Every structure is written in structure tokens, then in C-alpha cells.
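K.L.:
First, the structure itself, so that you have it in front of you.
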Amino acid sequence: MSSELHKILKKEELTKDDLVSLISAGNEENEIIFNHAGRVRELHLGKKVHLRGLIEFSNICSKNCFYCGIRCANKNVPRYEATEKEIVGAAKHAQDNGFGSVALQSGERSDKKFIKKIDRVLQRIKQQSGGKMGITLSAGEQTEDVYRMWFESGAHRYLLRIEMSDPGLYKKFHPGDNLHDFNKRTECLSMLRKTGYQTGSGMLIGLPFQTPEHLARDLLFLKENDIDMAGMGPYIEHPETPLYKYREVLLSKKERFYLGIKMVAALRILMKDINIAATTAMQTLHPEGQQKALIAGANIVMPNITPAKYRENYFLYEGKSGVHFNLEEVKSVTEERIRSAGFEPGYNEWGDSLRFEKRKNRQRC
Ligand code: SAM
Ligand code: SF4
């Protein structure tokens, strides 16, 4: 191991330059970084992997992010919205299979019909599980009142990726209008925290024009905002998006994959007690993507339990993994991936972020 890497891995606090060094490390140093992050994870969080049954309940979106296949300007994706009964039924399936939490994700909408529907769904899931089902929501930017209403109805974790923490890059990859405003997104993260949610964020990795410096600052953004959980993954191109024209300047898929795993490892070293997801995009780029992310420090897996007829239309990027498994296979495949990586699935529990729990306990004292 180079002496510089050795010094960095021994430090208590990492600087931006340290993070740039980790992110830019060569192949021969990657294994050392991954193993170190794996040890940090085991020391602080043990061997448990927490499960969230992922329900991608609608691909209707009012926004137009330049990278996303379900952006509203893409007229070539059939749009769907699962019914209340279907969403609550999928949550029951999660409960019956020992998944102690679900994650409800969709395109972003701010109309009353959508907001009220989510509210009813949250209440019904809580009611049918006798309050036992943990619920993460990921439905984009909303007002503080809406976040509070959903929190009171049963959601207790919310994932809102910053996507990229550099306002200049943010402008490059989003339309320059009020709907896509970097400051509004950061304000939403503050509102979520204030409302009482375990707050999650994250970023896209391997975007065109993104440098190791950008990625290091993304990690520091998560730390400075004291986030409780992270969902981040490699950017994967989609032919029906404006960003597709840059496909020739991207890193190869393999390079983007390992960059994603390195970001997981660096974040684990930086924030030892947060929840970090082994995301679907990682699995899409490598047949053992989730196992490798777990070994490098991730501790959350989100098996896709969206009703089968909708799954392939949540088409964010090409080749998305896991759309063809039936619901029975989802559980066995997930369990097999977790155990083969040397970990243990955490059934029938919420698996809250340790960082969040520590903060709550401090506030109580
Ligand atoms: N609409 C909500 C939002 O944007 O916060 C939640 C759903 S959105 C589909 C979930 C995540 O998908 C986004 O935060 C984004 O990072 C990711 N995503 C979108 N397009 C992607 C792409 N081409 N490659 C990888 N991830 C992508
Ligand atoms: Fe809509 Fe989210 Fe995709 Fe942006 S990333 S277009 S908000 S679904």
C-alpha cells in the first residue's frame, strides 16, 4: 500500500484532498480501500443488511431532469400509476415476506390528488401492519406542509438525492426553470430534517464533465448536511434523454461501476454510522454489483416488489436490473446475494439509521 493511502486510512477526519485521493486511487489500491471500509462498517454496524421492499408506484413526473428516462418530455414511455389497492397489497407482500420496511418511490408531482393518495396509502399501510411496517418515501420536492402531513401519516424516512452538489453542474443537467432549482432542493433537505424524518440523500456518479473534485465535494455535502442515509449510484445512459448525446465522453460502464463502489467505500469511511444502499444501478452494471457494494460498506438492499406489470416502465436508464424476477424469486435472490457476500438479512425490523438514533438520544438528554 502506498504510504499516502496508509496515512489517509488512519485519519480520524478526511479532507477534500484525502477524498480526491481515495476516489482517484488505481485498481491495485481499490481492494485495500474496499476492505478498510468493510471493516469500518462491521465495527460500527455489524453484519446485518436491512431490507426495504421497493415499490415504484408511478412513473408520471412533472419534471425534466436531463438524465432520467421518465422525464415528462419523454413521450415514448407508457405512463402508469399503481392503484391504492395495488400499493397497499405490495406492502402486505413485503410484510408477509419478512421485509420490515418498504420504500415508496415515484416521479414528482405536486397536485392535490397525488398528495392525498400518498397520504391515504401511508395510513393504510400503517393500519394493515398494526403500525409495524417502516416506510421510506421518495417522491421529490414538496412543501413543508406536505412533508409534515406524510410524516404524521406514517412515513418516517425520506430520500431526496441532491444528485450533484455543485450548483454549476446542477444547472448543466437540469432545465433552468423554477421547477429545477438547486437551492429549493437543499431547502427541501432542511425541511425534511426539521419535520423529523430520517433524511437521505445521494448523487449520480460518473456523469459527463464530473471530476473527482466534484465527487469529493458531494461526499462532504452529505457530511455537512449530517444526512442519515445515502442512496447513490452510477449514472447510466438512456437513449431518450438529452444527456445521451454525451455517451461517447463517459467512463466505461466498468469504470463507472468501480467508481460507484469507491464512493460507497469513501462515504463509509467518512460517515461510519449512516445507512448506505447497495443500489439497483450498481447491480445493473455488474452481475455481483450489490454484493460488491455490501463488501465495500453498504448495509441496505432494496428488493424491487413493484407489481410486475408496471416494473419495466419505471425505465430510468437502459438495462435496469431486477425487472423480470417474480415476487417469490425476489426474496430468494436477495437473500442469496446478501449471504454470499458474508452478511445476514435483517428480517422483520425497521433497520433505522444508527446516526439518526444517536442524534435522537442526544436530543432527549
Ligand atoms: N422523482 C424523485 C426524485 O427525483 O427525487 C424520486 C424518483 S427518481 C427516479 C430516483 C432517482 O433516480 C433520482 O434521484 C436519480 O438519481 C436516479 N436516476 C434518474 N435517472 C438516472 C440515470 N439515468 N442513471 C442512474 N440513476 C438515475
Ligand atoms: Fe422526475 Fe425524479 Fe426522474 Fe427527475 S429524476 S425526471 S424528478 S423521476
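K.L.:
Provide the gained length on full extension for the span Arg362 to Lys11, in nm with one decimal, where the gain is 0.36 nm per separating residue minus the Cα-Cα distance.
P.N.:
Answer, rounded to one decimal: 123.8 nm.
K.L.:
In the Gaussian network model of the chain, springs joining C-alpha atoms below 10 Å, which of Asp181, Asp166, Asp111 carries the largest mean-square fluctuation?
P.N.:
Checking each option, the largest mean-square fluctuation is seen for Asp111.
K.L.:
Let me ask you something else. In the stretch 62-84, which residues have a backbone nitrogen under 20 Å from the label point lying 7 Å from Lys309's Cα in the Cα-to-Cβ direction?
P.N.:
Flagged as within label range: 77-84.
K.L.:
A further question follows. Over the chain, with the other protein chains present, what is the accessible area per residue in square angstrom, probe 1.4 angstrom?
P.N.:
Averaged over the residues of the chain, the accessible area is 42 Å².
K.L.:
If you don't mind, another one. Dipole magnitude of the stretch 231-336 about its Cα centre, charges +1 at Lys/Arg Cβ and -1 at Asp/Glu Cβ only, in debye to the nearest 20?
P.N.:
So the magnitude is around 320 debye.
K.L.:
Roughly how many percent of the accessible protein surface of the stretch 16-364 is carbon and sulfur, given a 1.4 Å probe and a whole-percent answer?
P.N.:
Roughly 51 percent, rounded to a whole number.
K.L.:
A follow-up question, please. So for the stretch 16-364, taking the charge dipole from beta-carbon charges (+1 Lys/Arg, -1 Asp/Glu), which of Cys61, Ala296, Gln198 sits furthest toward the positive end?
P.N.:
Going by the charge dipole, the pick is Gln198.
K.L.:
Which number comes out as Rg/Rh for the stretch 208-269 once both Rg and the Kirkwood Rh are worked out on C-alpha atoms?
P.N.:
Rg/Rh for the stretch 208-269 comes to 1.01.
K.L.:
P(r) for the stretch 238-333, please, calculated from all Cα pair distances in 10 Å bins and given in %.
P.N.:
Over the stretch 238-333, the share of Cα pairs per 10 Å bin runs 15, 40, 34, 11, 0 percent.
K.L.:
Where a Cα-Cα gap under 13 Å defines reach, which aspartates and glutamates qualify for Lys272, not counting those fewer than 8 residues away within the same chain?
P.N.:
Glu12, Glu13, Glu42, Asp226, Asp228
K.L.:
Just to be sure I understand the curve: with the Debye formula and one point per C-alpha of the stretch 96-234, what is log10 I(q)/I(0) at q = 0.10, 0.20, 0.21 Å⁻¹?
P.N.:
-0.36, -1.20, -1.29
K.L.:
Ok, one more. Compactness ratio of the chain: Cα Rg over 2.2 N^0.38 Å, N = residue count?
P.N.:
Its radius of gyration relative to the 2.2 N^0.38 Å reference: 0.93.
K.L.:
Specify the residue with the greatest mean-square fluctuation among Ser106, Ser332, Ser165, computed from a Gaussian network of the chain linking alpha-carbon atoms under 10 Å apart.
P.N.:
Among Ser106, Ser332, Ser165, the largest GNM mean-square fluctuation belongs to Ser332.
The values are calculated or read from the model by the stated rules, or taken from the named source; none is laboratory data. Quick caveat: nothing in here was measured; it's all calculated off a predicted structure. All Cβ positions, glycine included, derive from the backbone under ideal geometry; neighbour counts span all protein chains shown. For the accessible areas, the whole protein counts, side chains as well, though only heavy atoms, and no ligand, DNA or RNA atoms are used. Shrake-Rupley method; radii C 1.70, N 1.55, O 1.52, S 1.80 Å.
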